[in-house]
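Comments concern the structure below.
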Amino acid sequence: MRALRWHGKQDIRCDTVPDPKIEHPRDAIIKVTSCAICGSDLHLYDGFMPGMENGDIMGHETMGIVEEVGSEVTNLKKGDRVVIPFTIFCGECDQCRRGNFSVCERSNRNKSLADKVFGHTTAGLFGYTHLTGGYPGGQAEYLRVPFADKTHIKVPLGIPDETLLFLSDIFPTGWQAAVQCDIQPDDTVAIWGCGPVGQFAIRSALLLGAKQVIAIDRVPERLAMAEAGGATTIDFSKESVVERLNELTRGKGPEKCIDAVGMEAHATATIDSMYDRAKQAVMLETDRPHVLREMMYVCRPAGVLSIPGVYGGLLDKVPFGMAMNKGLTFRMGQTHVNRWTDDLLRRIEMGQIDPSFVITHKVGLEEGPNMYKTFRDKLDGCIKVVLKP
Ligand code: NAD
Ligand code: ZN
Ligand code: ZN
């Protein structure tokens with residue numbers, strides 16, 4: 001089959017590789033009909049995330065048709081239409097029983113590596129670092145899904161792929177980021193980053209009843225899409241984010257802040273110098289604003305910082321004393337996708353939201369390598385790329 005593989009920093013290729021096979025009775029094989037490139041893939045593309053190996057298959061936003069199931073998968077059959085969540089989960093361990101699917105205790109096949117680096121294991125993820133299992137991803141013609149009896153979202157026929165695909169990740173991720181803010185009717189929610197995750201966080205915060213949503217970025221097309229979604233926008237390349245946020249909240253500051261940017265804005269870790277603290281300190285003095293510092297400074301006391309943005313390695317110069325004295329709450333993590341998807345699928349079916357609004361590019365898998373660059377560099381108005389294998 002054809003698949004997009006990682007061969008090093010900024011080196012993604014469309015290669016021919018062996019088709020995946022059932023390896024365990026709980027596996028299923030999916031024939032991929034649509035997959036997407038995520039901002040999290042950019043951390044791998046740019047070499048910010050440790051634990052990648054030459055030849056790893058990329059991709060964790062995938063949907064398709066069940067091709068084959070293992071003997072223990074009794075709730076799926078050939079021909080079923082499924083969206084695959086990016087977090088692989090067993091459904092039975094103590095964390096899964098609490099709904100904490102992204103920290104499943106059993107789905108990471110490199111559990112001992114994760115134990116060593118994180119202190120505990122976290123869930124297996126598709127197409128991501130070997131710290132999270134190094135599972136082959138879904139930017140490919142076929143995908144092997146481990147724990148497939150749990151790790152799937154069954155979706156109806158008759159709704160286009162483009163409307164359903166983002167149940168795999170960015171819709172529940174924006175949603176969880178907003179839910180974690182515990183939004184009250186009087187709240188202003190400020191959202192850093194108007195990429196795909198920020199776009200879903202904006203719409204989720206409004207669906208959850210925020211009085212005002214303020215979105216921050218510098219890319220004109222992304223700011224325009226945020227405005228179309230109901231947000232007031234701030235272009236951080238043209239105005240002071242802290243001053244504008246204070247103005248828009250009559251000096252109080254936003255009650256809730258969401259970081260939908262992640263580590264590139266901080267340049268904290270590279271594969272070459274993951275623990276090189278001196279280098280990090282210098283890199284933090286670059287021209288890029290430090291989103292977390294900005295959030296901690298401007299957030300109203302007793303507010304919440306919700307952080308779907310992904311971090312790896314160490315982060316330096318975080319004013320923790322400021323956060324402590326202001327009584328801020330931090331919420332973060334990989335999304336517990338299946339905790340939210342029944343509700344979100346219902347909202348799609350009821351017409352509350354059509355997630356396909358975020359798509360700007362739809363191309364064949366072969367064009368994937370170019371699309372990584374287009375998406376990373378925000379060329380050609382790119383906001384979200386869907387690949388059709
Ligand atoms: P993206 O890279 O397309 O979007 C990031 C946006 O942030 C860009 O539009 C960029 O212009 C903007 N930005 C950069 N610096 C900024 C600053 N200082 N202030 C305000 N905006 C700034 O990526 P995405 O797909 O939207 O993903 C966003 C983040 O969410 C990434 O870190 C990604 O890894 C993460 N993510 C997390 C989960 C999860 O489960 N927690 C799931 C999906 C994605
Ligand atoms: Zn993702
Ligand atoms: Zn589990």
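Please list, in order along the stretch 64-78, the HN-Hα scalar couplings obtained from phi with the Karplus expression 6.51 cos²θ - 1.76 cosθ + 1.60 (θ = phi - 60°), rounded to whole Hz, x for Gly and Pro.
Running phi through 6.51 cos²θ - 1.76 cosθ + 1.60 with θ = phi - 60° gives x, 10, 5, 9, 7, 10, x, 5, 8, 9, 9, 9, 10, 9, 3 Hz.
What angle do you read, to the nearest 10 degrees and between 0 and 90, between the alpha-carbon axis of helix 196-207 and the longest principal axis of the chain?
Between helix and principal axis, roughly 70 degrees.
Note the per residue figure in Å³ for the convex hull of the C-alpha positions in the chain.
131
Which residues' amide hydrogens lie under 5 Å from the amide hydrogen of GLY137, considering only partners 5 or more residues apart or on another chain, with H built in the peptide plane?
ILE57, MET58, GLY127
Let's see if you can work this out: charge +1 on each Lys and Arg Cβ, -1 on each Asp and Glu Cβ, no other charges. What is the dipole magnitude of the stretch 307-385 about its Cα centre, in debye to the nearest 20?
So the dipole magnitude of the stretch 307-385 works out to roughly 360 debye.
Using a 1.4 Å probe, what is the accessible area per residue for the chain, in Å²?
40
Whenever you get a sec, line up THR16, THR341 from highest to lowest accessible area (probe 1.4 Å, protein heavy atoms).
THR16, THR341
Each residue of the stretch 171-183 in order: what ³J(HN,Hα) in whole Hz does its phi give by Karplus 6.51 cos²θ - 1.76 cosθ + 1.60, θ = phi - 60°, with x for Gly and Pro?
6, x, 5, x, 5, 4, 4, 6, 4, 5, 7, 6, 5
With all protein chains present, how much of the accessible area of the chain (probe radius 1.4 Å) comes from carbon and sulfur, to the nearest whole percent?
C and S atoms contribute 50 percent here.
For the stretch 1-153, what does the alpha-carbon gyration tensor say about shape, rounded, prolate or oblate, given a ≥ b ≥ c as the root eigenvalues, a/c under 1.5 as rounded, and a/b over b/c as prolate?
Verdict is oblate for the stretch 1-153.
Treat every Asp and Glu Cβ in the stretch 114-190 as -1 and every Lys and Arg Cβ as +1, leave all other atoms uncharged, and give the resulting dipole magnitude about the Cα centre to the nearest 20 debye.
400
Kindly report, to the nearest 10 Å², the accessible surface of HIS24 as traced by a 1.4 Å probe over protein heavy atoms only.
Approximately 80 Å² of HIS24 is accessible to the 1.4 Å probe.
Can you grab the distance from the C-alpha centre of the stretch 145-191 to the C-alpha centre of the stretch 23-74, Å, no decimals?
Value for the Cα centre distance between the two parts: 18 Å.
Under the rule of at least 5 residues apart or a separate chain, name every residue whose amide H is placed under 5 Å from the amide H of ILE234.
Those qualifying (amide H under 5 Å, at least 5 residues apart or on another chain) are ALA215, ILE216, ASP217.
Report, in debye and to the nearest 20, how large the dipole of the chain comes out about its Cα centre when Lys and Arg carry +1 and Asp and Glu carry -1 on their Cβ. Spell out each step's value before the answer.
Numbers: 45 positive and 50 negative charges, 112 e Å.
Value, rounded to 20: 540 debye.
Counting only GluC sites (Glu not before Pro) that are in a DSSP loop and have at most 15 other C-beta atoms within 10 Å, tell me the longest site-free stretch of the chain.
Excluding the exposed sites themselves, the longest stretch runs over 93-238.
For the stretch 25-41, in order, what is each residue's ³J(HN,Hα) by Karplus, 6.51 cos²θ - 1.76 cosθ + 1.60 with θ = phi - 60°, in whole Hz (x at glycine and Pro)?
Once θ is set to phi - 60°, the couplings for the stretch 25-41 become x, 8, 7, 9, 10, 10, 7, 6, 9, 8, 8, 9, 9, 10, x, 5, 5 Hz.
Show the residues, 5+ positions off or on another chain, whose built amide H is closer than 5 Å to the amide H of ILE37.
Amide H to amide H, under 5 Å and 5 or more residues apart or across chains, ILE37 pairs with VAL385, LEU387.
The values are calculated or read from the model by the stated rules, or taken from the named source; none is laboratory data. All values derive from a computational prediction rather than experimental measurement. Ideal geometry is used to build each Cβ from the backbone, glycine not excepted, and the neighbour counts take in all protein chains shown. Accessible surface is based on the protein model in full, side chains and every heavy atom, while ligands, DNA and RNA are left aside. Shrake-Rupley method; radii C 1.70, N 1.55, O 1.52, S 1.80 Å.
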